[in-house]
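Here, each number is a calculation from the coordinates, and none is a lab measurement. As the structure is a computational prediction, the values presented were derived from the model and not from experiment. Virtual Cβ from ideal backbone geometry, glycine too; neighbours counted across all protein chains shown.
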Amino acid sequence: MVTASEEYSFTSFSNLPFYTRVNARLLDLAEVGKQRKIVDLGCGTGGVTKLILERLQSVKDSVIYAIDHSASALKAAAEEIGDRRNATIKFVHSEVQNLTDAVRDRVDAIVYCNSIHYVPDKSRLLRQIKDKLTPNGIFAFNTSFFEGSQPPDTQEFFRKWMMRSLRILKRDHGLSVDKTSKVESRVQIRADQYRELVEEAGFEVQVNDLNRVEVPHEGWHHISGFSDWIEGVMPGIPLDKGREVLQKGLREIWDEMNLKTVPRVWLSVSASKPQFG
Ligand SMILES: C[S@@+](CC[C@H](N)C(=O)[O-])C[C@H]1O[C@@H](n2cnc3c(N)ncnc32)[C@H](O)[C@@H]1O
């Protein structure tokens, strides 16, 4: 049986080839494959955990700590990975903000894919991440939710998509978005502010780059089925109706604008913990 939270999970988006490429590149930056102990922060339904696992084929006694605060996401990740494990995977049900207690071990690398924007006090978390790493250990994260992640030339697409979806919501369901029930919006910070925070926490930034990633129709389609996205763009609307109208609106606007892809900017950062410090 599919539970409500699994039905609106990140899985279908996470498994898309373009998204896998973005994360595989982050794992390259973090040199995943060389280390033995790795934390996958905000692992969700295990899309990135699987990629890490593939890279640890020949590493003896390797351990992955996969952490998420969603019990249903962890369950889905464990089922998805099944018996294909060559490394030990420890699924840890915890807020990432409790990293210090959630993982007792020191680790060689911590990767954090598309989740750092959820955490309000990033400085505190970054200090915990640094403490959890062995000297020369690597921290790598990416995000597509920061100020500047939505390229200006895509604004027309977004405006049309949202307007069309709202019209369909009204027409098909007699519903309107209740502006007062807007979820507390996550504060988006700029790419240079992320870099500053990482440096302030005592890391040496190795790579800090912005990439314009061409997202295909299926990317926008699947993200429209993810609860966080639906709640963000259609606050107060039941998830099933939000998903339905966003996907319908997307299809119509996509065809009318004759689009092939709509880009999004991804920030990727890789930083090392100094040997002494
Ligand atoms: C967009 S998904 C990314 C999942 C995975 N890293 C990937 O790229 O496929 C974000 C994940 O972060 C988790 N998450 C968000 N805030 C969290 C927190 N404070 N502590 C632990 N997990 C959190 C959510 O439950 C969700 O599974």
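Restricting to Cα pairs below 8 Å that are 6+ residues apart, what does the relative contact order work out to for the chain? Please round to a whole percent.
Relative contact order for the chain comes out at 22 percent.
Give me the Kirkwood hydrodynamic radius of the range 17-138 in Å, from all C-alpha pairs, to one decimal place? Don't jump to the answer; show the numbers that get you there.
Details: mean 1/r = 0.0700 Å⁻¹.
This gives a value of 14.3 Å.
Tell me, what HN-Hα J-couplings in whole Hz come from the Karplus equation 6.51 cos²θ - 1.76 cosθ + 1.60 at θ = phi - 60° for each residue of the range 165-174, using x for Gly and Pro?
My calculation for the range 165-174 gives 5, 5, 5, 5, 4, 5, 5, 8, 10, x Hz in order.
Modelling each spin label as a point 7 Å along the Cα-to-Cβ direction, I'd like the Ser123/Glu7 distance in nm, to one decimal.
4.3
To one decimal place, what Kirkwood hydrodynamic radius in Å is obtained for the chain from all pairs of distinct Cα atoms?
The answer is 19.6 Å.
Which residues' amide hydrogens lie under 5 Å from the amide hydrogen of Val39, considering only partners 5 or more residues apart or on another chain, with H built in the peptide plane?
Amide H neighbours of Val39, under 5 Å, 5+ apart: Tyr65, Ala109, Ile110, Val111.
Please list, by residue number, everything in the range 24-43 whose backbone N is under 16 Å from a paramagnetic label point 7 Å out along Cα→Cβ of Val207.
The answer is 24-35, whose backbone nitrogens lie closer than 16 Å to the label point.
Need one number: nm distance between label points at His69 and Ser176, each 7 Å from Cα along Cα→Cβ, rounded to one decimal.
According to this spin-label approximation, the distance is 3.3 nm.
Kindly provide log₁₀ I(q)/I(0) values, in the same order as q = 0.18, 0.22 Å⁻¹, from the Debye equation applied to equal alpha-carbon scatterers of the range 125-183.
These q points yield log10 I(q)/I(0) values of -0.82, -0.99.
DSSP loop (so not H, G, I, E, B), at most 10 other Cβ within 10 Å: list which GluC sites (Glu not before Pro) in the range 143-230 pass both filters.
Those satisfying the criteria are Glu184.
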